[in-house]
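Q: The structure is given below, and queries will be raised subsequently.
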Amino acid sequence: MAAALIVPSACATEVDMLDRDGLPCLAAETSDGTPLKLMIDTGDATSLLDAGKAKAMDLAVEPAKDKGGKVIDSYFIAHLKGLRLGQETLGDDRFLVMDMNKDIVGGTFPHSDGMIAYTDLRGKRLTLDYKRHVVGLSDAPAAAPCAAACGTIT
């Protein structure tokens, strides 16, 4: 049986893959050029930003609220306009803001400015190239039609 050769597709942009305590992190920046070191979170729908970074960026924050409208102590919401990964603009993103310093110092959260959630990467193909230490981003291709017996994930 012949081995299949997998050739990565060209990415629209690439950014440095940073190592934060052994975990992949990407270099992003805001529309005004403020750099951010964001962990890649493929399991959370809400992006996260450290309160210290939000304060240093002079971001306006508002209290976070639960589904019933009750304020959640120590959690805030900030909007980052024009978040970019290299040349790709992700648009305006909503971040949950909380003080992560205790967790970072305690070793329970990697040294970073926060996390980017999978929802902010919707419609994109994210490529982690560990050999070259880069993260590639491009538009995700349309789903290919099913050529054989296909099931439904439930």
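Q: If I ask for residues that are farther than 16 Å from A27 by Cα and out of contact with any Phe, Trp or Tyr (no Cβ under 9 Å at 6 or more places or on another chain), which ones from the stretch 47-56 would you list?
A: Initially, the stretch 47-56 is screened for residues farther than 16 Å from A27 by Cα, giving 51-52, 54-56.
Within the stretch 47-56, G52, K55, A56 qualify.
Q: Return the residues of the stretch 28-43 that are within 12 Å of the chain's Cα centre (by Cα) and surrounded by 14 or more Cβ atoms within 10 Å (Cβ to Cβ); say none if nothing qualifies.
A: Within the stretch 28-43, A28, E29, L36, K37, L38, M39, I40, D41 qualify.
Q: Criterion first (assigned to a strand (DSSP E or B), over 18 Å from R20 (Cα atoms), modelled with pLDDT of 90 or more and not small (G, A, S)) does I116 satisfy it?
A: Taking the combined requirement at face value, the residue does not satisfy it.
Q: While we're looking at this one, here's another question. Restricting the search to the stretch 69-88, which residues are on the phi > 0 side of the Ramachandran plot and not in a strand (DSSP E or B)?
A: Correct list: G69, G86.
Q: Could you list, ordered by first residue, the pairs with Cβ atoms under 6 Å in which the first is in the stretch 106-120 and without any contact (Cβ under 8 Å) to a residue 40 or more places away in the chain and within 15 Å of P24 (Cα to Cα) and the second is of a type in the set (D, E, K, R) and not in a loop (DSSP other than H, G, I, E, B), at least 6 apart or interchain?
A: These pairs meet every condition: F109/D103.
Q: In the stretch 44-68, which residues are among the hydrophobic types (A, V, I, L, M, F, W, C), assigned to a strand (DSSP E or B) and in contact (Cβ under 8 Å) with a residue 40 or more places away in the chain?
A: L48, L49
Q: Condition test on A78, is it surrounded by 14 or more Cβ atoms within 10 Å (Cβ to Cβ), at pLDDT 95 or above and among the small types (G, A, S)?
A: Yes: the conditions hold for A78.
Q: Which condition breaks for L126 when tested against (1) in contact with a strand residue (DSSP E or B) (Cβ under 9 Å, 6 or more places away or on another chain); (2) part of a loop (DSSP other than H, G, I, E, B)?
A: The one condition L126 does not meet is (2).
Q: Follow-up question, since we're still on this one. (1) closer than 19 Å to A140 by Cα; (2) within 12 Å of the chain's Cα centre (by Cα): which one isn't true of T46, the others all being true?
A: (1)
Q: Only one residue in V97, V135 is at pLDDT 85 or above, in contact with a Leu (Cβ under 7 Å, 6 or more places away or on another chain) and more than 16 Å from T46 (Cα to Cα), so which one is that? Talk me through it step by step, then tell me what you get.
A: Numbers: V97 fails: more than 16 Å from T46 (Cα to Cα).
Going through V97, V135 in turn, the sole match is V135.
Q: Looking only at the stretch 89-104, count how many residues are of a type outside the set (K, R) and part of a strand (DSSP E or B).
A: 9
The values are calculated or read from the model by the stated rules, or taken from the named source; none is laboratory data. The shown structure was predicted, so the numbers you read here are calculated from the model rather than taken from an experiment. FYI the Cβ positions are ideal-geometry reconstructions off the backbone, even for glycines, and counts take in every protein chain you see.
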